[in-house]
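Chemist: Starting off with a structure, shown below.
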Amino acid sequence: MQTPYNPHAIESEAQSYWEEHRSFKAVEDPSREKFYCLSMFPYPSGRLHMGHVRNYTIGDVIARYQRMLGKNVLQPMGWDAFGLPAENAAIQHGIPPSRWTRANIAYMQSQLKRLGFGYDWDRELTTCDPDYYRWEQWLFTRMLDKGLAYRAKAVVNWDPVDQTVLANEQVIDGRGWRSGALVEKREIEQWFVRITDYAQELLDALEGLSGWPERVRTMQRNWIGRSEGVYMEFGVEGADERLGIYTTRPDTVMGVTYVAVAAEHPLARRCAEQNPGLAVFIEECRRGGVTEAEIETLEKKGYSLRLNAIHPITGEPVPIYAANFVLMGYGTGAVMAVPAHDQRDWEFAERYGLPKKQVIRSADGSPCGIEQGAYTEKGILFDSGPFDGLTSEEAFTAIAEWLEARGKGKKTVNFRLRDWGVSRQRYWGCPIPVVYTPVGEVRPETELPVRLPEEVTVDGSGSPLKRMPEFYQLPNGEIRETDTFDTFFESSWYYARFCSPDCRTAMLDERARYWLPVDQYVGGIEHAVLHLLYARFFHKLMRDEGLVDGDEPFANLLTQGMVVAETWYREDAQGHRQWFNPAEVEIERDDKGRILSARLKSDGQPVHFGGIEKMSKSKNNGVDPQALIDRYGADTVRLYIIFAAPPEQSLEWSDEGVEGAFRFIRRLWNLATGEAETIRLAPEPGELDEAARQARREIHTALKKALYDYERQQFNTVVSACMTMVNELYRLGSSSARLAVLREGLSLILRLLAPIAPHVAHHLWRLLGFGDDILKAPWPKVDEAALKQELIEYAIQVNGKLRGSIRVPADADQAQIQAAALADPQIAKFIGDQQIRKAILVPGKLLNLVI
């Protein structure tokens, strides 16, 4: 007797089975091929969003698939628990960040379990636990010993009201996100690690990451930014000092008409002591951005230092300007300006009436004037003294050698990558394990971990650690560092700690050598640069400590697309938009899905379409995963997530699509449970009639495609293949061999669906008597014999018009096919007594008879 599909009951049953049998417990076994599947772990914000669900569903499908291939699979989960959002929430709710964080972890863990993800929960880690962060503290002390960590001044965003450093994203229109105060640039002592020591290795190793998307590798190459150029030194008029610059275009050096320095440059500061206007300009620049991206969008401004630089080749004076587009933290903090051959320099010269000297012309003699803008192409040098007539490439070497021979410069390799500033003047983070002695020395902490006090009230006015002498004052008069690590520190090595999470004597143990590298890493493209770059750097640090083998942490990378949805809004008289959730909007569409009208369900008044955008709170277009699970069950949510789009593409949300996924699972359920007892006893396929053979052929054809699509991670078409197979089984009719084909077909479908919709697959596998645990079932194989066709159907055309069809043996030649067509009365009547002048055969498809 058929029972209704009750997703919550069968999902609870399956999850209890997995928990009781510890189905996803990972144990090292050198005799088996291992597979380490990892999705980027979440920040415990309180609730899962659809981006989480998509990421983790894709990862779980991959892990379950590899498990069913017979591999020893590790799939862990943990929590990226430190960070600023917890402090903000603590301020808002009046509770310590630790309590807020751990409460969120408990709730989000229950959501992950509800979705049936196959994690080894015994390996769960939380980065705010001292047992975790003590080992990154230990690694930092090793970096100190090796000279890879150091303290230096750096320019940061400073909120003068909250008395704290702000991340770039916390500065909104030049003001602090919380206080609204004008943000200043300040130079303060920071801790850095020398990632630049590994820049060339990080760049070179990208070539071996063939399992990464080329887009990500390109982004990393650009971020590392290796360039070959020339370092040269300009003199400073009236002073016994030199102004160093780096350029990738030494061929343009004879066109320099001014030099620009950062507002924080020591030379600019010194000149400002005698120049009040310059001092005001420098103060204005302090309120600007500190990133390259921000600088690019700024209106380019400058102020004369009333001082000249001396050209290193001509000896001529050129004016020096402080400019807001030069950053002290990049390069030397000074640039040579060639307005004729650099557009930014051209715009600055145009604004301040500075000369533009052209020294490069096109190699082919085509016009290349500079009246409307800079000529930035390479070419032939002119008006360049001893270098006239050289190509740009020839001049690169010639000018470098000229400078080097006179002690004024040399060829050099430069990287855009800067050393990683790891200090944060924040409370909720891992303490930096350093103390300062009474005589001003710096030494690493010897007693680890340095524990972060957890029962602490945060009020937003700077780090409370600075107001806690019980934390920073040590008995011997030493002072403990109150800065905490950038939270990228924790996420840069968590993948390795999952391999040996319970090790108490070392950062990692031998188990890491078994599991690493991660075979498949899954996460968003937004982490393509910093997180992945820092993780690669950490892996090389751990390798150099003898903790891991190999040079890279992640063998294969899948960057899943975003989840996007429609947005709807109304605009008030002041132009402010109020956003409405799509579930609140009633939409009328035409037969092609185009919007005809939309109105709010609550009041019936029109709303405007705001486009399709990433789900976000700001646009109120998110969908609550928990509500969907409660309504449809986890399998429907998982199936829809997988079916709606290929993993690497954006998924456009559709409520109708979710309903469709639910209907498919229910259709499969009805097919399997309607005759469950009979199907259990059905024989293996033997002698089949033509209808059964045709159905079995279609099923194995779909299976062959699904197996190929699994291997290339195109899981949406795996679901399509399963739908095709279900349709074929419904079309079996009353064939005498129906039950044999039905049993085999369901066996194949359930195994294909087990990684995607695991609960219903688990239940039906047991119900139909295939076994106790579908996870241990052999992965399906195509029966090549089933693909062979005894008869093939040909469409028959007469003079290009379809006149009928025939079925002939699969090995029939053209003459036999033509004879069969002429013998068919339906076709023969269109030919009559006329002679066939030509016969055109498309093998396996059609025959066109021309009369």
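Chemist: In nm, to one decimal, how far is the modelled label at THR218 from the one at GLU656, with both set 7 Å along Cα→Cβ?
Modeler: Each label point lies 7 Å from its Cα, and together they span 3.5 nm.
Chemist: What is the order of HIS763, HIS608, fewest Cβ neighbours within 10 Å to most?
Modeler: Details: HIS763 25, HIS608 12.
Ranked by crowding around the Cβ, least crowded first: HIS608, HIS763.
Chemist: Are there GluC sites (Glu not before Pro) in the range 602-696 that DSSP puts in a loop and that have at most 15 other Cβ atoms within 10 Å, and which ones?
Modeler: GLU648, GLU687
Chemist: How about the range 753-827: which trypsin sites (Lys or Arg not before Pro) there are in a DSSP loop, with at most 13 other Cβ atoms within 10 Å of their Cβ?
Modeler: Sites meeting the loop and neighbour criteria: LYS781, LYS788.
Chemist: Continuing with this model, one more query. Starting from the Kirkwood radius over alpha-carbon pairs of the range 300-383, derive D by Stokes-Einstein at 25 °C in a medium of 0.890 mPa s and give it in µm² s⁻¹.
Modeler: Estimated diffusion coefficient is 175 µm²/s.
Chemist: Between the alpha-carbon centers of the range 339-374 and the range 385-418, tell me the distance in whole angstrom.
Modeler: 21
Chemist: What are the trypsin sites (Lys or Arg not before Pro) within the range 577-640 that DSSP puts in a loop, where the Cβ has at most 12 other Cβ atoms within 10 Å?
Modeler: Within the range 577-640, the qualifying trypsin sites (Lys or Arg not before Pro) (loop, at most 12 other Cβ atoms within 10 Å) are LYS592, ARG594, LYS601, LYS617.
Chemist: Between SER618 and ALA9, what length in nm is gained on full extension when 0.36 nm per residue of separation is reduced by their alpha carbon distance?
Modeler: 215.6 nm
Chemist: Also: Please report the orientation-averaged projected area of the range 714-851, defined via the convex hull of its C-alpha atoms, in nm².
Modeler: The directionally averaged projection comes out at 11.3 nm².
Chemist: Can I ask one more? Helix 690-711 versus the longest principal axis of the chain: what is the Cα-based angle in degrees, 0 to 90, to the nearest 10?
Modeler: 10
Chemist: Cα centroids of the range 565-580 and the range 481-510: how far apart, whole angstrom?
Modeler: Each part's Cα centre sits 44 Å from the other's.
Chemist: Report the Cα centroid-to-centroid distance between the range 205-237 and the range 90-132 in angstrom, as an integer.
Modeler: First find each Cα centre; the distance between them is then 38 Å.
Chemist: State, as an integer percentage, the relative contact order of the range 563-643 based on alpha-carbon contacts under 8 Å between residues 6 or more apart.
Modeler: 31
Chemist: Can you give the angle from 0 to 90° between the axis of helix 276-285 and the longest principal axis of the chain, with both taken from C-alpha atoms, to the nearest 10?
Modeler: 20
Chemist: Neighbouring Cβ atoms within 10 Å as the yardstick, rank VAL236, VAL259 fewest first.
Modeler: Result, fewest neighbours first: VAL236, VAL259.
Chemist: Starting with the fewest neighbours, write out HIS576, HIS8 ranked by other beta-carbon atoms found within 10 Å of each beta-carbon. Provide the component values of the computation, followed by the final result.
Modeler: Numbers: HIS576 9, HIS8 14.
Least to most surrounded, the residues fall as HIS576, HIS8.
Chemist: Mind checking which aspartates and glutamates have their Cα closer than 17 Å to the Cα of LYS704? Skip sequence neighbours fewer than 8 apart in that chain.
Modeler: Within the straight-line cut-off, LYS704 pairs with GLU728, GLU744, ASP783, GLU784.
Chemist: Normalised radius of gyration for the range 587-718, please: alpha carbon Rg relative to 2.2 N^0.38 Å, two decimal places.
Modeler: 1.46
Chemist: Which value in deg cm²/dmol, rounded to the nearest 500, describes the helix-derived mean residue ellipticity at 222 nm for the chain, given -39,500 (n - 2.57) per DSSP H run of n ≥ 4 and division by the residue count? Walk me through the numbers on the way to the answer.
Modeler: Numbers: 28 runs with 297 residues, N = 851.
-10500 deg cm²/dmol, from helical runs alone.
Chemist: Rounded to a whole number, what is D in µm²/s for the range 206-274 from Stokes-Einstein with the Kirkwood radius over alpha-carbon pairs (20 °C, 1.002 mPa s)?
Modeler: 137
Chemist: Still on this structure, please answer the following. Compute the long axis of helix 7-20 from its Cα atoms, compare it with the longest principal axis of the Cα atoms of the chain, and write down the angle in degrees, 0 to 90, nearest 10.
Modeler: Relative to the chain, helix 7-20 is tipped by roughly 70 degrees.
Chemist: Now for a different question. Could you tell me whether the range 791-850 comes out rounded, prolate or oblate from its Cα gyration tensor? Rule is a ≥ b ≥ c as square roots of the eigenvalues, rounded for a/c under 1.5, then prolate if a/b exceeds b/c, otherwise oblate.
Modeler: Taking the square roots of the gyration eigenvalues as a ≥ b ≥ c, the range 791-850 is prolate.
Chemist: Now for a separate question. Return, for the Cα atoms of the range 563-643, the radius of gyration and Dmax in Å, separated by a comma.
Modeler: 14.3, 45
Chemist: With the alpha-carbon atoms as the only input, what is the per residue convex hull volume for the chain in Å³?
Modeler: Details: hull volume 224.9 nm³, N = 851.
Dividing the Cα hull volume of the chain by its residues yields 264 Å³.
Chemist: Run through all the Cα pairs of the range 669-714 and give the fraction in each 5 Å bin from 0, expressed as whole percent.
Modeler: 5, 17, 14, 18, 24, 13, 8, 1
Chemist: Report, in listed order, any pair from LYS788/LYS829; LYS592/LYS829; LYS146/LYS411; LYS25/LYS614; LYS705/LYS776; LYS185/LYS356 with a Cα-Cα distance greater than 30 Å.
Modeler: Over 30 Å apart, Cα to Cα: LYS788/LYS829; LYS592/LYS829; LYS25/LYS614; LYS185/LYS356.
All of the numbers you see were taken from the coordinates with simple rules; none came from a lab. Note that the coordinates shown come from a computational prediction; the quantities given were computed from them, not determined experimentally. FYI the Cβ positions are ideal-geometry reconstructions off the backbone, even for glycines, and counts take in every protein chain you see.
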